[in-house]
1. Just to confirm a number: summing +1 for Lys and Arg and -1 for Asp and Glu over residues other than Ala54 whose beta-carbon lies under 13 angstrom from that of Ala54, what do you get?
2. Whole number in Å², please: accessible area per residue of the range 37-129, 1.4 Å probe, ligands, DNA and RNA not counted.
3. Among Asn59, Leu92, Thr46, pick out the residue whose Cα is farthest towards the positive end of the charge dipole of the range 37-129, where Lys and Arg carry +1 and Asp and Glu carry -1 on C-beta, about the Cα centre.
4. So how far apart, in nm, are the two label points at Ala57 and Asp39 if each is 7 Å from Cα heading toward Cβ?
5. Ignoring ligands, DNA and RNA, what percent of the accessible area of the range 37-129 is carbon or sulfur (1.4 Å)?
6. Under the 0.36 nm per residue contour assumption, what length would be gained going from the current alpha-carbon distance of Val134 and Ala153 to full extension?
7. Show which aspartates and glutamates lie in cross-link reach of Lys137 when reach means a straight Cα distance below 13 angstrom and same-chain residues fewer than eight apart are skipped.
8. Quick one: which residues, 5+ away or cross-chain, put their amide H under 5 Å from the amide H of Val135? H built at 1.01 Å from N.
Amino acid sequence: MKLRAWMLALAGLGVATAMAAAQDLKTPSSDQYVPQLGDIMGAAQTRHQKLWMAGKAQNWELAAFELRQLKASLVEAAVFYSGIPIGNVATLEPSLQSLSDAIDAKDGRRFAKGLGELTDGCNACHRSLKRSFVVIKVPSEQQPFANQQFAPAGKP
């Protein structure tokens with residue numbers, strides 16, 4: 001719900017139009033410190049990993065915290081980098097809400113489904129930005145610390 005408020009505020013300020021028109025991932029020019037996009041996305045990937053681990057352990061309080069942190073990273077990326085259309089972040093809202101609902105209900109099955117949908121949404125965003133070589137995946141029991149595919153497409 002807080003993500004929706006952020007989205008509406010951004011749209012109201014006209015930021016969405018500027019972001020949708022941008023074709024590349026331009027670094028903001030500012031005298032104020034702005035983290036690099038790779039750092040923001042690295043933090044988001046870490047949150048994705050920790051979110052999965054918290055849900056797997058049924059630590060719902062930690063899962064809710066990690067989800068809030070992940071949402072904040074996504075909003076931060078869209079606010080600071082004009083090449084990320086706000087629509088890309090907004091399309092993640094249903095899966096983020098689904099995850100939030102699953103966490104509130106302490107429902108592991110719904111949580112797993114929501115995390116899968118979120119992961120698919122992340123990869124769709126990467127493809128739309130010509131970054132399809134960055135593939136995020138849901139961790140597994142065999143590789144709990146691996147939520148990224150490093151082999152090129154088509155290779156195991």
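The values are calculated or read from the model by the stated rules, or taken from the named source; none is laboratory data. Fair warning: this is a prediction, and the values are worked out from it, not measured in the lab. All Cβ positions, even for glycine, are placed from backbone atoms using ideal geometry, and neighbour counts span all protein chains on display. For the accessible areas, the whole protein counts, side chains as well, though only heavy atoms, and no ligand, DNA or RNA atoms are used. Shrake-Rupley method; radii C 1.70, N 1.55, O 1.52, S 1.80 Å.
1. +3
2. 45 Å²
3. Of the listed residues, the answer is Asn59.
4. Distance between the two pseudo-spin positions: 2.7 nm.
5. With neighbouring chains kept in place, the figure for the range 37-129 is 53 percent.
6. That pair, Val134 and Ala153, stretches by 5.8 nm at full extension.
7. The qualifying aspartates and glutamates are Glu117, Asp120.
8. Amide H neighbours of Val135: Gln149.
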